[in-house]
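Everything below concerns the one structure shown next.
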Amino acid sequence: MYNFKKDFPLLNNSNIAYLDSSATTQKPQAVLDAISEFYKTKNANVHRGAYSLSMQATKAYEDARTKISKFINAKHPEEIVFSKNATESLNLIAYSYGLNNLKPGDEIVISIMEHHSNLVPWQKVARATGATLKYMYINENFEISSEEIESKITPKTKIVGITHVSNVLGTINNVEKIIKTAHKNGAIAIVDAAQSIPHIKIDVSSLDCDFLIFSGHKMLSPLGIGVLYGKKQILNNMPPFLMGGDMIEYVHEQETTFAPLPNKFEAGTQNIEGVIGLSAAIDYMENIGYLKIAEVESEVVNYAINQLSNLDYLKLYITPNRVNHSSVISFNINGVHPHDVASILDSENICVRSGNHCAQPLMRYLGINSTCRASFAFYNTKEDVDKLILGLDKAYNMFKKYIHF
Ligand code: C6P
């Protein structure tokens, strides 16, 4: 089997088992090269200079937008807005769409497994507009059932926000059904693809979602670049979120008219190197292909689930329906704090995340404070899993005499 680690300098030059790709992925040489090449040959601000260097930078930046629109099958490049990250994209929707389209009595529906970034902004919008924030809850299989979707999304619902893949449970949500149910009831649907786009091919036209957001850094790109996709007609009717340079048309002493899409939503100098890096990451991923990525990942993740399931001291938080499960495995050693487990694993060069994973309402719903989480990408191998198992055995053996049930 091809070992993709050799494409990733940080992994190639170390013996760590990096199992925290849901927090951020490692970056391949191709992305590092593209950024370095940009600074060596094209560096200038975009949209501002009439000189050729600036025009080259602008072309690279706008070509990347077109590439991203094709990557997710958007109908128009101007439906792609660059942001800082998934969080900023969601805040843009909440502030610009949410605050201006809701009234008392309206309902916003999200799920209990949302990351804080798709939850806290809606609390603020609900408080400011008098709308109600409602939750779709998960069943014993850590899934949102069809009945739950149909009972929570009603004609009162105006906005539905759903994570495509849970960053804690790895559950792949039935976004197709959620979007259809939202539209049937006259609501718009927002898909948080932060944890799905690194693993699952996204097609916004066939999904028919109104907005879809993600962070570049979770799909091999630099930190600090995010994407907001929105249907053109909806984006056109939304006011700008941030004000400043490049998002304007005419500025007078007391009033301003705004630039057309997408510039209306891109205030100030943008993260041009991030956009260039994201474009290179897409080339790299498309060269491998989502089919291959899924094949390699599922082999390693299935192996991990099987191995972890053999550890009787471990509790796993994953759906038993493997087709509805992505590359995230949360677990706890019964009676041991996840931070202690993560520290022992760290001493064995194994990187996992521990904590509430920015999903406190979900933790509370599950009746726990925190978990350890191993999250995988196509560069992980079965050897990484074997290391994890040995590390967990070490942690358990160190702590078992203190465990009281
Ligand atoms: N989850 C994790 O370790 P940002 O931080 O803006 O790039 O992404 C926010 C975000 C939004 N939605 C989901 C489903 C996410 O998982 C995340 C980020 C990371 O799980 C960092 S907290």
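Values quoted throughout were computed directly from the atomic coordinates according to the rules given, and no laboratory measurement underlies them. Here the structure is a predicted model, which means the values were calculated and not measured. Reconstructed Cβ throughout: ideal geometry from the backbone, glycine too, with neighbour counts over all protein chains shown.
Here are a few things to note about the model shown:
- Nearest 10 degrees, 0 to 90: helix 382-399 Cα axis against the chain principal axis: 60
- Summed over all non-identical Cα pairs, the Kirkwood treatment of the range 132-246 gives a radius of 15.4 Å.
- Between the range 200-227 and the range 129-165, the alpha-carbon center distance in angstrom: 21
- The residues S14, S83, S221, S69, when put in order of fewest to most other Cβ atoms within 10 Å, stand as S14, S69, S83, S221.
- Per-residue Cβ neighbour rank within 10 angstrom, fewest leading, T132, T171: T132, T171
- Counting neighbouring Cβ atoms within 10 Å and putting the fewest first, the residues M363, M285 line up as M363, M285.
- Relative to the longest principal axis of the Cα atoms of the chain, the long axis of helix 29-41 makes an angle of roughly 30 degrees.
- The range 1-140: Cα Rg divided by the 2.2 N^0.38 Å rule of thumb: 1.45
- Max mean-square fluctuation residue, GNM over the chain, Cα-Cα springs under 10 Å, options E88, E295, E150: E295
- Pairs from the table (K84/K156; K184/K232; K84/K387) lying more than 30 angstrom apart at Cα are K84/K156; K84/K387.
- To the nearest ten degrees, helix 52-71 and the longest principal axis of the Cα atoms of the chain are 60 degrees apart.
- Whichever aspartates and glutamates have a C-alpha closer than 15 Å to that of K201, once near sequence neighbours (fewer than 8 apart) are set aside: E176, D192, D283, E286, E295, E297
- Estimated D of the range 30-286 in µm² per second, where Rh is the Kirkwood radius over Cα pairs and Stokes-Einstein applies at 4 °C, 1.567 mPa s: 69
- Relative to the current alpha-carbon distance between N306 and E255, full extension at 0.36 nm per residue lengthens the span by 12.1 nm.
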